[in-house]
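The values are calculated or read from the model by the stated rules, or taken from the named source; none is laboratory data. Only a predicted model underlies this, so the values are computations on that prediction, with no experimental measurement involved. Here Cβ is always computed from backbone atoms with ideal geometry, including for glycine, and neighbour counts include all displayed protein chains.
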Amino acid sequence: MTTIKDIAKSAHVSPATVSNALNPDLARMVAPETLKRIKKIASDLGYQPVHHRIKQVTTQTNCALITTLFINDEIEDEYWHFVRKGIYETARKRNVNIQNVFQIQVGIDPGIVANYDGVIILGSLSEQAIKRLKHYNPNIIVIDDVNTNCSFVDTIGTDLYNLTLKALNLLKKQANGPIAFIGGYRMEFSLDGSVEKKGDDLRTQAYRDWLAVNHQSKLMKLTSWNTQAGLSAINELLSEVTAPIGGLLVASDSMAIGVVKGLLERQIVPGKDLPLISFDNIHVASFLTPAITSFSLPKEVLGITAVNQICDLITHHRQWISRTTIPGHLGTGETYPLQTC
């Protein structure tokens with residue numbers, strides 16, 4: 001017996017789109033060409049509607065989550081915990097069922113996304129990978145990757161580039177020497193789980209551009225996005241410089257915790273001996289001594305917005321792409337500005 005999912009797979013649309021197309025009361029919501037194609041496929045496959053189907057229609061939306069993050073990174077980094085929290089809480093309110101979570105590192109068969117109404121991606125996939133997924137499901141949202149050059153997929157993220165420039169200019173006002181940067185790599189994954197491209201993220205790009213404008217030599221370490229990597233990076237950086245660092249910008253609080261530890265071990269007190277600014281404003285960073293001054297990024301809001309946007313995509317079948325940028329702001333802490341007493 002032919003099902004709506006069978007038709008959806010043949011038509012390369014979501015089951016929700018097929019359901020709307022075959023429902024006389026909802027067919028107007030489907031684009032005319034798509035409607036015609038679905039009806040022809042349904043006829044060719046011999047689809048027989050269930051007569052009491054209208055009474056049993058459910059408003060639940062079924063979605064999948066694809067994450068490019070390593071499990072240990074998600075566990076250690078509070079940032080991603082709150083992004084997921086925003087997703088799951090809003091999904092519950094909107095009657096969206098996150099049916100499956102796929103880990104990119106083990107590989108994904110692109111055809112599997114045809115079984116869902118929509119897909120939310122955490123992190124960076126290659127352009128080719130996204131195209132392959134969209135071939136099977138047009139309703140895809142990418143979170144935290146406004147850096148993507150893809151002009152065919154919805155993205156939700158923060159304005160990291162301009163926030164980085166703002167942070168560097170704030171540091172410059174108080175720094176007694178050059179500004180150093182400790183950041184991480186942006187990894188683009190293929191669907192087989194391999195890293196297709198490893199390069200700069202927006203914060204690193206902004207630092208490079210700022211150096212050119214301010215005629216400063218590069219003082220930079222790029223490493224993994226965790227505390228131990230931050231500790232190693234600051235130790236390497238301090239062992240290589242011949243003059244004192246005037247200020248420090250760190251790409252995430254998880255890394256900054258390690259950076260602060262490394263500075264204190266060398267009797268360098270952030271907020272007293274040099275200014276330091278980080279990103280994420282995670283809760284644990286406020287309990288350090290000194291407490292890290294960090295840009296607060298809209299972690300939960302990213303997840304909330306993703307679910308609302310995927311519902312919009314599924315319901316309205318819009319043909320244009322949306323790039324949503326949610327602003328961040330500098331939080332309070334003790335590592336910037338410099339303490340005068």
Task: Condition met for residue 13 (out of contact with any Cys (no Cβ under 7 Å at 6 or more places or on another chain), part of a loop (DSSP other than H, G, I, E, B) and modelled with pLDDT of 85 or more) - done: yes
Open item on the list: Quick check on my filter: what residues within segment 217-232 are surrounded by 20 or more Cβ atoms within 10 Å (Cβ to Cβ) and touching a Leu at 6+ places or on another chain (Cβ under 8 Å)?
Closed with: 219, 221
- [ ] Say whether the condition of being out of contact with any Cys (no Cβ under 6 Å at 6 or more places or on another chain), surrounded by fewer than 21 Cβ atoms within 10 Å (Cβ to Cβ) and either among the basic types (Lys, Arg) or not in a strand (DSSP E or B) (or both) is met by at least one residue in segment 246-258.
- [x] yes
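Here's the yes/no breakdown for (1) surrounded by 15 or more Cβ atoms within 10 Å (Cβ to Cβ); (2) in contact with a Gly (Cβ under 8 Å, 6 or more places away or on another chain); (3) not assigned by TED's automatic domain parsing to the domain that holds residue 34:
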residue: 281; (1), (2), (3): yes, yes, yes
residue: 309; (1), (2), (3): yes, no, yes
residue: 312; (1), (2), (3): yes, no, yes
residue: 319; (1), (2), (3): no, no, yes
- [ ] Among the numbered conditions (1) under 30 Å from residue 119 (Cα atoms); (2) among the aliphatic types (A, V, I, L, M); (3) free of Cβ contacts under 8 Å to residues at least 60 places away in the same chain, tell me where residue 291 comes up short.
- [x] (1)
- [ ] Having 1 or more residues that are surrounded by 18 or more Cβ atoms within 10 Å (Cβ to Cβ) and free of Cβ contacts under 8 Å to residues at least 24 places away in the same chain is the bar; report the strands (runs of 3 or more DSSP E) wholly within segment 112-216 that clear it.
- [x] 140-143
TODO: Could you identify the single residue in 253, 273 that is in contact with a Ser or Thr (Cβ under 6 Å, 6 or more places away or on another chain) and either free of Cβ contacts under 8 Å to residues at least 60 places away in the same chain or charged (D, E, K, R) (or both)?
DONE: 253
Task: Answer from 171, 211, 191, 202 - the residue that is of a type in the set (A, V, I, L, M, F, W, C), in the same structural domain as residue 269 (by TED's automatic domain parsing) and within 19 Å of residue 293 (Cβ to Cβ) - done: 171
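Each row is one residue, and each column tells you yes or no for (1) under 13 Å from residue 6 (Cα atoms); (2) in contact with a strand residue (DSSP E or B) (Cβ under 6 Å, 6 or more places away or on another chain); (3) at pLDDT 75 or above; (4) not polar (S, T, N, Q).
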{"residue": "25", "(1), (2), (3), (4)": "no, no, no, yes"}
{"residue": "28", "(1), (2), (3), (4)": "no, no, no, yes"}
{"residue": "32", "(1), (2), (3), (4)": "no, no, yes, yes"}
{"residue": "37", "(1), (2), (3), (4)": "no, no, yes, yes"}
{"residue": "41", "(1), (2), (3), (4)": "yes, no, yes, yes"}
{"residue": "44", "(1), (2), (3), (4)": "yes, no, yes, yes"}
{"residue": "50", "(1), (2), (3), (4)": "no, no, no, yes"}
{"residue": "53", "(1), (2), (3), (4)": "no, no, no, yes"}
{"residue": "61", "(1), (2), (3), (4)": "no, yes, yes, no"}
Open item on the list: Can you confirm whether residue 237 is crowded, with 18+ Cβ neighbours inside 10 Å, in a helix (DSSP H, G or I) and within 31 Å of the chain's Cα centre (by Cα)?
Closed with: yes
- [ ] Take residue 99 and decide whether it is touching a strand residue (DSSP E or B) at 6+ places or on another chain (Cβ under 7 Å) and within 24 Å of residue 7 (Cβ to Cβ).
- [x] yes
